[in-house]
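Undergrad: Here you go, one structure.
The values are calculated or read from the model by the stated rules, or taken from the named source; none is laboratory data. Because the structure is a prediction, the values reported are computed rather than measured. Reconstructed Cβ throughout: ideal geometry from the backbone, glycine too, with neighbour counts over all protein chains shown.
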Amino acid sequence: MNKLRELRFGKKEKPDVIDPKAYSQDGYLIHQGRLSGVRYGRKMSKDNGCGWIACYNFLKYMGRPLPPLKIAWDMEGMLMWGGRRGSNPLVVWWYLYRRGFHFRLAVTRRGMERLVKQAVKEHPGRVAGVLAYIHKKGAHYTTFIDEGSYERTLGAAVPDAAPMKKGTGIRFLNAVYGIENHCVTVGEFFEKHVSFPLCFVIVAK
């Protein structure tokens, strides 16, 4: 398997290492830009790793965490075009589905708002999903969670030493690199960060 990967992606010059500063205070990966030490296909995760990062954050929130480098390794084997375009949305769905999760799907902002509202009603304080969207610089994945325990910050950065404050809101992870407590409504997120009307959203049932 290692020889096959070397043929597909080239030989690794050194072992993968995750910068500790890529993590939030509560253990989520929120700063993809600091993952220059983790290769993903023919690129480094700082450039194309948002798919596996989203899966890591989702699984952690849902109480079934896996080591991040294992997730990157598993998903790397399913990359197309050497990973130059990152992870296919169907691969993200399939990876999580194979781990026992079932989802509702939406492809628009209104669809996401409807699914999140339904999920919050059915499982208050325990909602999670993954959003694939287009922004001004390209395509990206973010995991969104609702624990009912985060203050809305409208995307303002929170100092590393600042305590987590109680409140309400959907928290987006790794949407804007390094924001610890990025809590906004779905509508506010789309208005500020999404530049194309169609997206790919999976919300856990």
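Undergrad: Is it true that some residue in region 117-130 is out of contact with any Pro (no Cβ under 6 Å at 6 or more places or on another chain), assigned by TED's automatic domain parsing to the domain that holds residue 186, in contact (Cβ under 8 Å) with a residue 40 or more places away in the chain and of a type in the set (Val, Ile, Thr)?
TA: Within region 117-130, one or more residues are out of contact with any Pro (no Cβ under 6 Å at 6 or more places or on another chain), assigned by TED's automatic domain parsing to the domain that holds residue 186, in contact (Cβ under 8 Å) with a residue 40 or more places away in the chain and of a type in the set (Val, Ile, Thr).
Undergrad: Hey, can you tell me all the residues within region 64-81 that are in a loop (DSSP other than H, G, I, E, B) and more than 16 Å from the chain's Cα centre (by Cα)?
TA: 77, 78, 79, 80
Undergrad: Please specify each residue of region 41-66 satisfying the condition of being under 17 Å from residue 143 (Cβ atoms) and either aromatic (Phe, Trp, Tyr) or surrounded by fewer than 20 Cβ atoms within 10 Å (Cβ to Cβ) (or both).
TA: Residues satisfying the conditions are 52, 56, 58, 61, 62, 63, 64, 65, 66.
Undergrad: Another question about this same structure. Answer yes if at least one residue in region 154-172 is surrounded by 14 or more Cβ atoms within 10 Å (Cβ to Cβ), over 13 Å from residue 28 (Cα atoms) and at pLDDT 90 or above, and no otherwise.
TA: No, region 154-172 has no match at all.
Undergrad: So if I check each of 188, 180, 151, which one is in contact with a Lys or Arg (Cβ under 8 Å, 6 or more places away or on another chain) and at pLDDT below 95?
TA: 151
Undergrad: Let me ask something else. Do we have residue 19 as more than 20 Å from residue 139 (Cβ to Cβ) and either surrounded by 22 or more Cβ atoms within 10 Å (Cβ to Cβ) or at pLDDT below 95 (or both) here?
TA: No.
Undergrad: Please find, within region 37-63, the residue that is nearest to residue 170 (Cα to Cα) out of those that are out of contact with any Gly (no Cβ under 8 Å at 6 or more places or on another chain) and not in a helix (DSSP H, G or I).
TA: Per the stated criteria, the residue is 62.
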